[in-house]
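Read through the structure below, which is laid out as structure tokens, and then see the notes.
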Amino acid sequence: MRIHWVIPALICIAGVPLLAQSTQEPELKGYVTRVASAAVIDVNGIHVRMDDKTQRYLLADKTSAPTSAQEWKPYVGQAARVYGKLLKKEGAITASEIDLGRQAEHEVSGSGVVDALLPVAPDAPPESHLLRADGYPVLVTGQTLLDFQPPVTATRAFQTNVWITFHGMQRTDGVVVASNASFRENSMDKEEEELRKKTEHDPSTVDLTARQRGLSTAFHGVDPKRIPPYNNPAMQSRVSSIGEKLVPKYQRELADTDEARINFRFQVVMEDKWREAIAWPNGVILVPRHVVWSMQNDAQLAAMLADNIACVLERQTPSTLSAMDATTAEDVAGRQISLWVQDTGLNPIPWLFRKAHNSAIDHMLPDEREQRARVSLALMNDAGYDVNEAPLAWWALADQKSSGLQRVRLPDRSVYLYKVLGETWHKE
């Protein structure tokens, strides 16, 4: 039995410079992933054992403060360093010292569609607007430098379904106070319009005989019109019900004639080689059945669906599909196919299909994945799902051999989600 944990080099603890009291490197570094009580926590899925001898520190702004057990209040997503003896077989660490990061203000830049208008705090400056975009609550005040791109005007800017680009300081309560913000229309360009038309279809009516073969996928890319549904009415009903709850209110209220309106449809499919779901610009989201099986509850399934809804809302699908087309044609048909020829024991059809789809996912820009993660938390929260389940969903999906999360390395998406939970969603 082997325990995997997050390699320190992969952990980005932004805005919280953790300077440990110990002069040695910590045995464990990352984020708090579970809080059962002040004395029972996990870091990166590793159980942290504390006793009366465990030294506790809170760190921020290059300063540290020893903290008593009574004042110790860890939270999910808090940056952490743990010193002590790591017991790999048990998935636990006996802590001699724990250093937790305190929230510190830091700069944030973002760009996305305004998907909600939030109530402004009573003590906010006059003429303030609190918008949610790019997964952040963004406070625009009278001191914010504003730019309006026609046809958007000052009177039309502060509403949903408007695109905002902003920069500012994120406070310890998660709110980004914008120093500057630019507003423009949430319009659809020609490329996206063509992609919507090209991929438009009813995913529930695809015939099994139309199923795309591996060579076709490798040379021409994935054709959503040739991916058959999985015939399981109960599973399909569950997926559709959860997906519909996650579609933001502003989208549901747009007129049918509005080009920004997206007709979201959620279809379970029989593609067991995909690592995750695929979202198309017309709102069709194809969910492999094994993804549904991997989720431990509705909130985790909601996290998967919300991630794909965010992909469409933030207009990422054109760039994702472009990456997929380029990867399948060049990477699979050219460089990768030689590996298949050398190994006659492999079936070329599913192997090529898997390489085409998964390589495209790997080539997604990291900032796109992170944006989807941030927005997915907001959608989950609006629909009433526990946002703390989001990182666990990706963690469960990484457990391909059903070994248990304590034996699976914390995936990068889960790491980032824990970071966002600590910086944006934790309230003191």
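Read-outs throughout are calculated quantities, based only on the coordinates presented, and are distinct from any laboratory measurement. These numbers come from a predicted model, not from an experiment. Positions of Cβ are backbone-derived with ideal geometry, glycine not excepted, and every protein chain shown enters the neighbour counts.
Amide H contacts under 5 Å for HIS106: GLN170, restricted to partners 5 or more places along the chain or on a different chain, H placed in the peptide plane at 1.01 Å from N. Could you please report the charge total around ARG315, scoring K, R as +1 and D, E as -1 over all other residues with beta-carbon less than 9 angstrom from its beta-carbon? Net of charged neighbours comes to -3. Computed from the C-beta positions of MET188 and GLU25, the FRET efficiency with R₀ = 35 Å rounds to 0.10.
Find out how many positive minus negative residues lie around LYS85, taking Lys and Arg as positive, Asp and Glu as negative, among other residues whose Cβ is under 11 Å from that of LYS85. Value of the local net charge: 0.
Spin-label model, THR257/LYS427: points 7 Å from Cα along the beta carbon direction are separated by 4.1 nm. Of the trypsin sites (Lys or Arg not before Pro) in segment 37-99, the ones in a loop by DSSP (not H, G, I, E or B) with at most 11 other beta carbons within 10 Å are LYS53, LYS62. Summarising the label geometry, the points placed 7 Å from Cα in the beta-carbon direction at ARG211 and THR172 lie 5.7 nm from one another.
Distance from the C-alpha centroid of segment 115-135 to that of segment 137-189: 10 Å, rounded to the whole angstrom.
Note on segment 282-297 and segment 360-428: Cα centroid distance 15 Å, given to the nearest whole angstrom.
Could you compute the net charge surrounding LEU254? Neighbours are other residues with a C-beta less than 14 Å from the C-beta of LEU254; K and R count +1, D and E count -1. It would help to have the intermediate numbers written out before the result.
Numbers: positive: LYS249, ARG252, ARG261; negative: ASP115, GLU185, GLU253, ASP256, ASP258, GLU259.
Around LEU254, the surrounding residues sum to -3.
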